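**Student:** Could you have a look at this structure, given as structure tokens, before my questions?
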Amino acid sequence: MTPLRQRQTLQVELSSLRALLQTTPEDPLATPLMESRAAELEQRIRDIEQRPSLAPTAELFFAEGAAFGSEGLEATFTSEVLESYQNMVTNHYAAKHYGTLKRSGRRRGETETQLFLTALPRGSFGLQLAQPHVEDWVAAGQVSQAMLDLSTLVEATVESDQSFETALSNFDARVFKPLKRFIVALHAGGGHCRVVTGLHETSLNTEQITSAFNRVSAANTDEEEVETPGIFGGVLTFSCEFDFRPDGAELIRGPLAETVTEATAGAWSQQFTHKHVMATLKISTVITRTGKKKPTYELLALQPLTAAPLAPREQK
């Protein structure tokens, strides 16, 4: 159970207990016991608010549409929602803590973000995703924060084009694809959805999901390969990211392509660091319906150049 629902459950019990204390005549045995229980509940609520659990947990609730009351959830809808949500978490966590992602292939941190279906909580039809056995509490806390980040991104898809574009700028472009699949699945399933993570709840009704669907569906990912001259800044050892300053443009950073081996990356660092080269880049760009663009770069190849780079323009 998420900290939010734990707090809500305790608050319901506390409210009932307080009402009972007000309406029940004072009893030398029962009253002290009820007052002690009320104090215990108040302390537990404060503990949850001040120190929420770091264990990654999310609860997804569905009503109407693909949900059959509180009895069941359509299987294809369930698999699409679970897969897209897991990929959003993994992609965002990997990009946030291990550097910009490659456009495809395995992601660092996949095992750290693996979620399990651990319960089917009541309240329409619910799915609880969690890590039942946490060994690395630092990573667990970071995964929990990544899940909270994604809740704000989902909310932004509902609010406005500007909110969506602002939120999207804080996420790696590879998060967009599973986000789109998640919203498309919700829209196709119909009904309502609530996503509870930590002490935060994101609630989407049918109209809001339709608004999010229209906004996200209008955004697309464009990919192209380009060759551009510039100064190669080298490869960062731990993140395997490259630095590159194209002639006459600002510094860019991104991952090496999946096809680039460690030996090739080492050879590039020795031969081309701080040298003028021709870089082959794959540029992936998320384009929203207002035309705003968020590009990311992946290095495919380097070739030596003998010509001098273009001098920067003088400022007048």
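The values are calculated or read from the model by the stated rules, or taken from the named source; none is laboratory data. From a predicted model like this one, the values you see are computed outputs, not experimental measurements. A quick note on method: Cβ atoms are made from the backbone with ideal geometry, for glycine too, and the neighbour counts reach across all protein chains shown. For accessibility, only protein heavy atoms count, side chains too; no ligands or nucleic acids. Shrake-Rupley method; radii C 1.70, N 1.55, O 1.52, S 1.80 Å.
**Student:** When the residues of the range 159-172 are narrowed to those that are touching a residue at least 40 places away in the same chain (Cβ under 8 Å) and within 11 Å of the chain's Cα centre (by Cα), which ends up nearest to R108 (Cα to Cα)?
**Tutor:** The residue in question is D172.
**Student:** Of all the residues that make up the range 184-206, how many are hydrophobic (A, V, I, L, M, F, W, C), open to solvent by 30 Å² or more (accessible area, probe 1.4 Å) and modelled with pLDDT of 95 or more?
**Tutor:** Residues flagged as hydrophobic (A, V, I, L, M, F, W, C), open to solvent by 30 Å² or more (accessible area, probe 1.4 Å) and modelled with pLDDT of 95 or more within the range 184-206 amount to 2.
**Student:** For the range 174-183: of the residues being open to solvent by 10 Å² or more (accessible area, probe 1.4 Å) and over 19 Å from A67 (Cα atoms), which is modelled with the lowest pLDDT?
**Tutor:** Among them, the one singled out is R174.
**Student:** Further question on the same structure: From the set of residues in the range 255-307 that are part of a strand (DSSP E or B) and among the polar types (S, T, N, Q), which is nearest to A156 (Cα to Cα)?
**Tutor:** The selected residue is T285.
**Student:** May I pose another question? Only one residue in T228, T237, T261, T285 is more than 30 Å from R181 (Cβ to Cβ), within 28 Å of the chain's Cα centre (by Cα) and of a type in the set (S, T, N, Q). Which one?
**Tutor:** Unique residue meeting the criteria: T237.
**Student:** So, T76, is that one under 29 Å from the mean Cα position of the chain (by Cα) and at pLDDT 95 or above or not?
**Tutor:** When the stated conditions are applied, T76 passes them.
**Student:** Okay, moving on. Do any strands (runs of 3 or more DSSP E) lying entirely in the range 43-156 carry at least 2 residues that are charged (D, E, K, R), and which ones are they?
**Tutor:** It comes to none.
**Student:** Within the range 15-33, can one find any residue that is closer than 22 Å to L153 by Cβ, hydrophobic (A, V, I, L, M, F, W, C) and assigned to a loop (DSSP other than H, G, I, E, B)?
**Tutor:** no
**Student:** Can you tell me how many residues within the range 207-219 are β-branched (V, I, T) and either under 20 Å from G291 (Cβ atoms) or open to solvent by 40 Å² or more (accessible area, probe 1.4 Å) (or both)?
**Tutor:** 2
**Student:** Quick one: in the range 220-255, of everything that is under 30 Å from S163 (Cβ atoms), of a type outside the set (D, E, K, R) and modelled with pLDDT of 90 or more, which residue is most open to solvent (accessible area, probe 1.4 Å)?
**Tutor:** My answer is L251.
**Student:** Okay, moving on. Looking at the range 81-100, can you tell me whether even one residue there is among the small types (G, A, S), over 30 Å from D243 (Cα atoms) and either touching a Phe, Trp or Tyr at 6+ places or on another chain (Cβ under 8 Å) or open to solvent by 40 Å² or more (accessible area, probe 1.4 Å) (or both)?
**Tutor:** Yes, because at least one residue in the range 81-100 is among the small types (G, A, S), over 30 Å from D243 (Cα atoms) and either touching a Phe, Trp or Tyr at 6+ places or on another chain (Cβ under 8 Å) or open to solvent by 40 Å² or more (accessible area, probe 1.4 Å) (or both).
**Student:** If we scan the range 86-94, do we find a residue that is modelled with pLDDT of 85 or more and of a type in the set (G, A, S)?
**Tutor:** yes
**Student:** Looking only at the range 260-309, filter to residues that are touching a residue at least 60 places away in the same chain (Cβ under 8 Å) and open to solvent by 80 Å² or more (accessible area, probe 1.4 Å); which one of those is farthest from A95 (Cα to Cα)?
**Tutor:** R289
**Student:** For the range 106-120: of the residues being charged (D, E, K, R) and open to solvent by 100 Å² or more (accessible area, probe 1.4 Å), which is modelled with the lowest pLDDT?
**Tutor:** R106
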